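The values are calculated or read from the model by the stated rules, or taken from the named source; none is laboratory data. On a predicted model such as this, the values are computed, not experimentally measured, just so you know. As a convention, Cβ positions derive from the backbone with ideal geometry for all residues, glycine included, and neighbour counts pool all protein chains shown.
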């Protein structure tokens, strides 16, 4: 479920500046790696029939392994004629551990990317739901590369500045292979078409709290731009998970992202917005996967299975409880300083109208928060009807 997938879901349309840290220097990525990036993007293009050639990725892998200035934003706009950004981070685990949690059909795909994605579904060629691949089965000898193609549906969380959130479909290709005797997993995605119209969402507290409100109403959550019909016009992503250190568990997670979004056909996205979105994904992913008391994947999966077994009526009753929990957490007080209407949480019609997927998503995120100690487990035991697994 990982990040996976993340593949297309990291957006930041920011019509107003955010109180940010020092602006990073922006440096173009060497064009020497463009052929390798283009090869990966060709693999996901449904109009092309391309055989995977690991040899074409040598420059890309060299770039990923190379030391970099952490204060620099690297970009490759020219490759797709779209704003872009690159971000990398190291996860102190091996690829099998990552696959156990992030590419596991028994664990919802959103569980390791709670601040980036609300809904995430793997689809077959007809658009019907299918299980995420169990990547663990591919991580043996890897005498030859493994490729798996699919469609995905993604709905992202509200942008931290504009509040907009979007749903869209992706073409997705997953590649697992060995490079220099170390295992590599790559996901490549590209948006199939323009997204659904942007809807107003709210970050209820600090973004790291993972508490969001989805209004279902068109527009931006900004007083002067609430009327705007915004869209994600196009996006592509390449995510590389590379066991960079053969002597110890360490996976370099390297994220390339291109994005064009805005309104009236005008792109409003800048490189810095994409870069922030990539970092927004990376923080909780790393926090969850490196949590010292993270339960075994099968124990987490058992809890998620219980959530999936709730009836629709049970889930709707739990949304009343969920709204009450959010009210207690915030009580109209927004610790982050962002403005949102406190009356939102009291709108019972909103909670009753949620789809099953949306209700399950809320419970999945609450479960994960309790698992890693972000919220008191006792606070949600009644909501989930079971004790939260901690170790």
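A compact table of results
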{"read-out": "Hey, residue 349 surrounded by 17 or more Cβ atoms within 10 Å (Cβ to Cβ), out of contact with any strand residue (DSSP E or B) (no Cβ under 6 Å at 6 or more places or on another chain) and either within 24 Å of residue 217 (Cβ to Cβ) or at pLDDT 85 or above (or both) or not", "value": "no"}
{"read-out": "Set 301, 221, 282, 237: member being buried (at least 16 other Cβ atoms within 10 Å of the Cβ), part of a strand (DSSP E or B) and either on the phi < 0 side of the Ramachandran plot or assigned by TED's automatic domain parsing to the domain that holds residue 109 (or both)", "value": "237"}
{"read-out": "Failed item in (1) farther than 30 Å from residue 171 by Cβ; (2) in a loop (DSSP other than H, G, I, E, B); (3) in contact with a strand residue (DSSP E or B) (Cβ under 6 Å, 6 or more places away or on another chain), with residue 213 passing the rest", "value": "(2)"}
{"read-out": "Selection count, segment 31-75, where residues are out of contact with any helix residue (DSSP H, G or I) (no Cβ under 7 Å at 6 or more places or on another chain), under 20 Å from residue 236 (Cα atoms) and not in a helix (DSSP H, G or I)", "value": "6"}
{"read-out": "Any chance residue 115 is in contact (Cβ under 8 Å) with a residue 60 or more places away in the chain, farther than 24 Å from residue 257 by Cβ and either in contact with a helix residue (DSSP H, G or I) (Cβ under 7 Å, 6 or more places away or on another chain) or part of a strand (DSSP E or B) (or both)", "value": "no"}
{"read-out": "Residues being buried (at least 16 other Cβ atoms within 10 Å of the Cβ) and part of a loop (DSSP other than H, G, I, E, B) - total across segment 126-141", "value": "3"}
{"read-out": "Any chance residue 86 is at pLDDT 95 or above and in the same structural domain as residue 23 (by TED's automatic domain parsing)", "value": "yes"}
{"read-out": "Test: residue in segment 85-101 that is free of Cβ contacts under 8 Å to residues at least 60 places away in the same chain, surrounded by fewer than 21 Cβ atoms within 10 Å (Cβ to Cβ), in a loop (DSSP other than H, G, I, E, B) and out of contact with any strand residue (DSSP E or B) (no Cβ under 8 Å at 6 or more places or on another chain)", "value": "no"}
{"read-out": "Matching residues, segment 240-266, being part of a loop (DSSP other than H, G, I, E, B) and under 30 Å from residue 167 (Cβ atoms)", "value": "264, 265"}
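This table checks each residue for (1) touching a strand residue (DSSP E or B) at 6+ places or on another chain (Cβ under 7 Å); (2) buried (at least 23 other Cβ atoms within 10 Å of the Cβ); (3) part of a strand (DSSP E or B).
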site: 106; (1), (2), (3): no, no, no
site: 144; (1), (2), (3): no, no, no
site: 149; (1), (2), (3): yes, no, yes
site: 160; (1), (2), (3): yes, no, no
site: 170; (1), (2), (3): yes, yes, yes
site: 183; (1), (2), (3): yes, no, yes
site: 188; (1), (2), (3): yes, yes, yes
